[in-house]
Amino acid sequence: MAEEKTIAFVLYPGLTVLDLVGPLQVLTDVPGYRTVVVAERLDTWETDTSLRVTASHTFAEVPDPSVVIVPGGGAPTLRALADETLIGYLRDVGGRAEVVGSVCTGSLVLGAADLLKGRQATTHWSMLDRLTAFDATPVRKRWVEDGPVITAAGVSAGIDMALHLLTRLAGADYARLAQYILEYDPEPPLGRLDWTKAPHDFFAPFVEQWLQEALGDHPDLHTRLAGPR
């Protein structure tokens, strides 16, 4: 019997909870895999909602996952770019993993771990151009696959990415069954978004505030991400 492989979702303080639990729900009970949530410590961590979450394993307990996925968020995710323990773990396991994935601004965390160099990638629309700070090529798509790296755009796009990855790991029939079980068939009440009308001007001050709040004590990273756009 083939040895069971591991899918590891990375947990850190303040992340966007749907970035984590959406893909986690899709990728739980994949045949031949165990799915875990890893963090530096088994503490209870805050998210960007009133929900608090706890990892199932520490980084040390999962040294060699086959799949590793990093959720994103706002200022706390930018702060995570300077978390040497988190970045060191990702740099280590990401170099050996079969698949490295992210949701939303989690791609910036992959970039800080040197996992996006020379690759196409995506992230939340408000931060897309900042992928160039990590030598990645920004692509405005729901999800982008470049070799072993799969990045998803903002928040809900993580579910799409996870279904694509489930197809890759377990086959189209299994992924379609999962989509039925989750009843994932979006019909947003206001219809599809017109990306030519995305509120960049409205959002830009918040992004700059996040950068200052999160990376003000890390001038190299702050300058790298806050340069001319």
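The values are calculated or read from the model by the stated rules, or taken from the named source; none is laboratory data. All figures in this text were calculated on a predicted structure; none of them were measured in a lab. Cβ placement follows ideal geometry from the backbone for every residue including glycine, while neighbour counts extend to all protein chains displayed.
Computed quantities for the displayed model
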| read-out | value |
| --- | --- |
| Tally of residues being of a type in the set (Lys, Arg) and either at positive phi or surrounded by 10 or more Cβ atoms within 10 Å (Cβ to Cβ) (or both) across the stretch 179-228 | 1 |
| Candidate set from the stretch 148-173 (those that are among the hydroxyl-bearing types (Ser, Thr, Tyr) and in contact with a helix residue (DSSP H, G or I) (Cβ under 6 Å, 6 or more places away or on another chain)); member that is surrounded by the most Cβ atoms within 10 Å (Cβ to Cβ) | 151 |
| Those residues of the stretch 73-99 which are of a type in the set (S, T, N, Q) and within 13 Å of the chain's Cα centre (by Cα), in sequence order | 77 |
| Of the criteria (1) surrounded by fewer than 16 Cβ atoms within 10 Å (Cβ to Cβ); (2) more than 30 Å from residue 29 (Cα to Cα), which one residue 176 fails | (2) |
| Unique residue being of a type in the set (A, V, I, L, M) and in contact with a Cys (Cβ under 9 Å, 6 or more places away or on another chain) when the list is 157, 162, 172, 178 | 157 |
| Complete set of residues in the stretch 35-69 that are of a type in the set (S, T, N, Q), farther than 23 Å from residue 169 by Cα, out of contact with any Pro (no Cβ under 9 Å at 6 or more places or on another chain) and not in a loop (DSSP other than H, G, I, E, B) | 44, 54, 58 |
| Count of residues meeting criterion [closer than 14 Å to residue 144 by Cα, in contact with a Gly (Cβ under 9 Å, 6 or more places away or on another chain) and surrounded by fewer than 24 Cβ atoms within 10 Å (Cβ to Cβ)] in the stretch 110-130 | 2 |
| Where a residue in the stretch 128-147 is in a strand (DSSP E or B) and its partner, wherever it lies, is among the polar types (S, T, N, Q), with Cβ under 6 Å and at least six apart | 137/120; 144/120; 144/122; 144/151; 146/120 |
| Residue in the stretch 134-149 that is more than 20 Å from the chain's Cα centre (by Cα) and modelled with pLDDT of 95 or more present | no |
| Leading residue by the ranking (modelled with the lowest pLDDT) among those in the stretch 73-99 that are of a type in the set (Lys, Arg) and either in a loop (DSSP other than H, G, I, E, B) or surrounded by fewer than 17 Cβ atoms within 10 Å (Cβ to Cβ) (or both) | 96 |
| Criterion: in a helix (DSSP H, G or I) and either buried (at least 24 other Cβ atoms within 10 Å of the Cβ) or touching a strand residue (DSSP E or B) at 6+ places or on another chain (Cβ under 6 Å) (or both) - qualifying residue of 107, 102 | 107 |
| Residue within the stretch 65-72 that is at pLDDT 95 or above and surrounded by fewer than 21 Cβ atoms within 10 Å (Cβ to Cβ) present | yes |
